[in-house]
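Novice: Let me give you the structure first, and then I'll get to my questions.
The values are calculated or read from the model by the stated rules, or taken from the named source; none is laboratory data. Fair warning: this is a prediction, and the values are worked out from it, not measured in the lab. Here the Cβ positions follow ideal geometry from the backbone for every residue, glycine too, while neighbour counts run over all protein chains shown.
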Amino acid sequence: MAHTPGPWKLWNGWGPYAGDGKMRCERIGPEGGGGIHTLNQPDIVGSREDLELIAAAPDLLQACKDLHAYLTAQKPWGLPKSRGDEIARLIAKAEGR
């Protein structure tokens, strides 16, 4: 199963909550639905930085894929092969492979 395409954003976010300093939002995902939401819980809770990182994940994955394709095709001088291998490993991890 493929991930929900981006761009994603925080929906109905608010905070930080005075009780614990954490942010809350109802959903993280694209306009129109999908992404991450809670079941039987009112909010997704986390630091603003963590929630924004999750929202940026589809765009970051696509940037990694584009960079890996460029590195594979161009083989830029001076860049160790291990860097391309590391990007491929991270892409596979993000895709659950």
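Novice: So, in the stretch 13-40, how many residues would count as being loosely packed, with under 14 Cβ neighbours inside 10 Å, assigned to a strand (DSSP E or B) and of a type in the set (Val, Ile, Thr)?
Specialist: Matching residues across the stretch 13-40 total 0.
Novice: Would you mind stating whether Leu10 is in a strand (DSSP E or B), surrounded by 11 or more Cβ atoms within 10 Å (Cβ to Cβ) and in contact with a helix residue (DSSP H, G or I) (Cβ under 8 Å, 6 or more places away or on another chain)?
Specialist: Yes.
Novice: Under the condition of being under 20 Å from the mean Cα position of the chain (by Cα) and of a type outside the set (Lys, Arg), which residue from the stretch 65-83 is nearest to Pro5 (Cα to Cα)?
Specialist: Asp66
Novice: Filter the stretch 41-59 for residues that are surrounded by 12 or more Cβ atoms within 10 Å (Cβ to Cβ), free of Cβ contacts under 8 Å to residues at least 24 places away in the same chain and not β-branched (Val, Ile, Thr) and give the result.
Specialist: Passing the criteria: Asp43, Asp50, Leu53.
Novice: Okay, moving on. Six or more apart or on different chains, Cβ atoms under 8 Å: show the pairs whose first residue is in the stretch 22-39 and polar (S, T, N, Q) and whose second is part of a strand (DSSP E or B) and surrounded by 14 or more Cβ atoms within 10 Å (Cβ to Cβ).
Specialist: That search, which allows pairs on different chains as well, returns Thr38/Ile44.
Novice: Follow-up. Looking at Gly84, Gly78, Gly96, can you tell me which residue is surrounded by 13 or more Cβ atoms within 10 Å (Cβ to Cβ) and either in contact with a helix residue (DSSP H, G or I) (Cβ under 7 Å, 6 or more places away or on another chain) or modelled with pLDDT under 90 (or both)?
Specialist: Gly84
Novice: Scan the stretch 18-37 residue by residue and report those that are touching a strand residue (DSSP E or B) at 6+ places or on another chain (Cβ under 6 Å) and either farther than 20 Å from Glu95 by Cα or not small (Gly, Ala, Ser) (or both).
Specialist: Listed by number, the residues that qualify are Lys22, Arg24, Cys25, Glu26, Arg27, Ile28, Ile36, His37.
Novice: Taking the residues in the stretch 41-62 that are among the small types (Gly, Ala, Ser) and in a helix (DSSP H, G or I) as candidates, determine which candidate is nearest to Glu31 (Cα to Cα).
Specialist: Ranking the candidates gives Ala55 first.
Novice: I'm trying to understand the selection: among the residues of the stretch 63-93, which are assigned to a helix (DSSP H, G or I) and aromatic (Phe, Trp, Tyr)?
Specialist: Within the stretch 63-93, Tyr70 is the sole residue that qualifies.
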